[in-house]
Amino acid sequence: MSVDGARLAFPGELGLAARWGQEGGACDRACRSWVSGCVLARLNYLGQKVSISVRGDREELQADKAERAAFPRREATYFGDIFAEQPVYQACLPPGTSAIPRVCGPSLEACAVEIAGPCDALCDEPTDDGSFPNCRGAVRRPSGKIAVGKAPHAGSVTVFLR
């Protein structure tokens, strides 16, 4: 990627899009979904260092027992397509959660990520590690009702906190 004439490279920490950076590599729909979920999961309103456990339905995102014990609090699940012509930045909240201050700060109203709704209504059943897979985007209709999208985001990434 080039910005103002400077060549930038983002190798990724988890290997979710390993072929993308290779000669002739590309980032297809699945790649965009996983990279988007991972990037959105790392947003940080205050810019303070916060250790997180990033989990999802990929081998690279599996947490062992020690990690699960160290990071027991499910924060939110992030998904979308940050590469789209009209980017999608969404998250859903797990049961019993009404805010994500690490990502949104003191208010959901000014959050860079749209809260699509509750994870248990937008995603498949949680996996054994507690992550919500295959979340679907949602839009709020003028009537106030939420319309859930049909196509799941394979790259749904759930963050757990200490």
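Figures for the structure shown
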| quantity | calculated |
| --- | --- |
| Hits in segment 85-103 (condition: within 23 Å of residue 154 (Cα to Cα) and within 15 Å of the chain's Cα centre (by Cα)) | 87, 88, 89, 90, 91, 92, 93, 94, 100, 103 |
| Residue match in segment 16-34 (condition: at pLDDT below 95, surrounded by 12 or more Cβ atoms within 10 Å (Cβ to Cβ) and of a type in the set (Phe, Trp, Tyr)) | yes |
| Candidate set: segment 112-131, residues that are touching a Phe, Trp or Tyr at 6+ places or on another chain (Cβ under 9 Å), without any contact (Cβ under 8 Å) to a residue 60 or more places away in the chain and not aliphatic (A, V, I, L, M); chosen: the one nearest to residue 156 (Cα to Cα) | 123 |
| Among residues of segment 17-59, those that are in contact with a Leu (Cβ under 8 Å, 6 or more places away or on another chain) and either basic (Lys, Arg) or free of Cβ contacts under 8 Å to residues at least 60 places away in the same chain (or both), counted | 3 |
| Filter result (closer than 22 Å to residue 77 by Cβ, in a loop (DSSP other than H, G, I, E, B) and small (Gly, Ala, Ser)) within segment 15-34 | 15, 17 |
| Selected residue (criterion: nearest to residue 93 (Cα to Cα)) from residues of segment 106-127 that are within 13 Å of the chain's Cα centre (by Cα) and outside any loop (DSSP other than H, G, I, E, B) | 119 |
| Residue in segment 128-143 that is in a helix (DSSP H, G or I) and under 16 Å from the mean Cα position of the chain (by Cα) present | no |
| Some residue of segment 39-49 being outside any strand (DSSP E or B), among the aromatic types (Phe, Trp, Tyr) and either within 16 Å of residue 160 (Cβ to Cβ) or in contact with a helix residue (DSSP H, G or I) (Cβ under 8 Å, 6 or more places away or on another chain) (or both) | yes |
| Within segment 110-154, tally of residues that are within 22 Å of residue 50 (Cα to Cα) and not hydroxyl-bearing (Ser, Thr, Tyr) | 9 |
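Each row is one residue, and each column tells you yes or no for (1) more than 23 Å from residue 67 (Cα to Cα); (2) among the hydroxyl-bearing types (Ser, Thr, Tyr); (3) surrounded by 13 or more Cβ atoms within 10 Å (Cβ to Cβ); (4) at pLDDT 95 or above.
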residue	(1), (2), (3), (4)
122	yes, no, yes, yes
130	no, no, yes, yes
136	yes, no, yes, yes
143	yes, yes, no, no
148	yes, no, yes, no
153	yes, no, yes, yes
161	no, no, yes, yes
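The values are calculated or read from the model by the stated rules, or taken from the named source; none is laboratory data. All values derive from a computational prediction rather than experimental measurement. Positions of Cβ are generated from backbone atoms using ideal geometry, with glycine treated the same way; all protein chains shown enter the neighbour counts.
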